[in-house]
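I have placed the structure first, in the form of structure tokens, so that the comments after it can refer back to it.
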Amino acid sequence: MQAVQLVRWQAPPELREVDVPKPGAGEVLVKIAAAGLCHSDLHLMGWPEGTLPWSLPFTLGHENAGHVAQLGEGVTGLAAGDAVLVYGPWGCGACRECIRGAENLCDRRLERPGTGCGLGYDGGLAEYLLVRSQRHLVPIGELDPVHAAPLTDAGLSPYHALKSELHRLVPGSQVLVIGVGGLGHIGIQLLRELSPARVVAIDLRQQARRLALDAGAAAALDADGLHAADVRAELGGNGATLVLDFVGTDATLALAGGSIATGGHVSAVGVGGGTFPMAFGQVPLEWSLSKPSWGTLSELHEVVALARAGAIHVEVEQLRLDEAVEGYRRLHDGEINGRAVVVP
Ligand SMILES: [Zn+2]
Ligand SMILES: [Zn+2]
């Protein structure tokens, strides 16, 4: 079968011919229906050799949906043809984080061959994906796999970041969303569904600002030349109770810090490698900051429940497997609206 693999660090991935894997005991082979292209893969590809203790090559793709193709020995409760999402972080299943469902925080994550599918282990940018444990499969029922695949990261990550902060979002509160790509446009829909807060979005791209308004933002500001004072003016002077920064560069974190309300919170989801400015005078009193990372297995079940209830619509651009490498290039250059999803 064909697979999009990372063959060398700091180089574009390659479309290669690989063997179809066979499921061993407890494993499940999934025929991929859709695999999302994530911005974090671009960061991953750019890191120098040795940054992560993973062996190359491996197949990319950590946002996957498909149908059960073959069950390994001992797997029960699933049948060939079942439509499933694949939970992306693959923990050891036995440490204290994994047993509470937070495999995204597995205590042994760096002692293992990878941290998830497409992250050290082979991922879903291929015709088939070998899933190491059936607990990583979440049934999606009648949901369209192409629109459901991004829920595993572009849906789960903003949901995880938001869920713990919902208590702040009383009527009259405001949320600033920085970056309206795959995660951002779903994050805005989650805010509209789960809170009464007014949402203001920021992006450089006009089509992303349009997407933000369609997703339910009250206003969408052009990031070009934007200062925190401009954002505060849009927010009516008091600032944002919550800032969700889906970019995470020096520029966006400075904007985040300068836009929070007294007692406000910044959730820095994006892995842009920036530094948060916290000098006295640059931030208000009693602010807080968190760095959430992906989400738990039970939260993915909750995101799927929201999607099945019609609360989330993922804006998708469909690509073929042989267009994936070019798709990453277009994602890098800001040419993708919503989420690029590869259909093998
Ligand atoms: Zn991702
Ligand atoms: Zn673990």
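Quick notes
- Within the stretch 277-289, being in a loop (DSSP other than H, G, I, E, B) and in contact with a strand residue (DSSP E or B) (Cβ under 6 Å, 6 or more places away or on another chain) holds for P284, L285, E286, W287.
- Test result for G61, open to solvent by 10 Å² or more (accessible area, probe 1.4 Å) and either at positive phi or within 16 Å of ligand 2 (Cβ to nearest atom) (or both): no
- Sole exception among (1) in a strand (DSSP E or B); (2) surrounded by fewer than 22 Cβ atoms within 10 Å (Cβ to Cβ); (3) small (G, A, S) for A340, by number: (2)
- Checking the stated criteria, Q174 turns out to be polar (S, T, N, Q) and surrounded by 15 or more Cβ atoms within 10 Å (Cβ to Cβ).
- Taken over the stretch 1-54, residues that are at pLDDT below 95, small (G, A, S) and open to solvent by 30 Å² or more (accessible area, probe 1.4 Å) amount to 3.
- Scanning the stretch 290-320 for residues that are among the aliphatic types (A, V, I, L, M), outside any helix (DSSP H, G or I) and over 19 Å from L191 (Cβ atoms) yields V316, L319.
- Residue list for the stretch 1-33, restricted to those being within 16 Å of ligand 1 (Cβ to nearest atom), in contact (Cβ under 8 Å) with a residue 60 or more places away in the chain and either under 23 Å from S293 (Cα atoms) or in a loop (DSSP other than H, G, I, E, B) (or both): P13
- Contact annotation: residue pairs with Cβ atoms under 6 Å, 6 or more positions apart or on different chains, pairing a residue in the stretch 74-99 that is more than 21 Å from P292 (Cβ to Cβ) and at pLDDT 95 or above with a partner that is more than 16 Å from ligand 2 (Cβ to nearest atom) and assigned to a strand (DSSP E or B), are V75/V28; L78/V68; A80/V68; G81/H67; D82/V68; A83/H67; V84/L137; V84/P139.
- Check on A201, buried (at least 17 other Cβ atoms within 10 Å of the Cβ) and either in contact with a Gly (Cβ under 8 Å, 6 or more places away or on another chain) or modelled with pLDDT under 95 (or both): yes
- Just one of (1) surrounded by 20 or more Cβ atoms within 10 Å (Cβ to Cβ); (2) part of a helix (DSSP H, G or I); (3) in contact with a helix residue (DSSP H, G or I) (Cβ under 9 Å, 6 or more places away or on another chain) fails for R209. It is (3).
Condition check ((1) touching a Gly at 6+ places or on another chain (Cβ under 8 Å); (2) of a type in the set (A, V, I, L, M); (3) at pLDDT 95 or above; (4) open to solvent by less than 60 Å² (accessible area, probe 1.4 Å)) across all residues:
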| position | (1), (2), (3), (4) |
| --- | --- |
| K291 | no, no, yes, no |
| W294 | yes, no, yes, yes |
| V304 | no, yes, yes, yes |
| L319 | yes, yes, yes, yes |
| D322 | no, no, yes, no |
| R329 | no, no, yes, no |
| G334 | no, no, no, yes |
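The values are calculated or read from the model by the stated rules, or taken from the named source; none is laboratory data. None of the values given here were measured: they were computed from a predicted structure. Quick reminder, even Gly has a Cβ in these numbers, built from the backbone with ideal geometry, and neighbours come from all protein chains shown. With ligands, DNA and RNA removed, areas are computed over all heavy atoms of the protein, side chains included. Shrake-Rupley method; radii C 1.70, N 1.55, O 1.52, S 1.80 Å.
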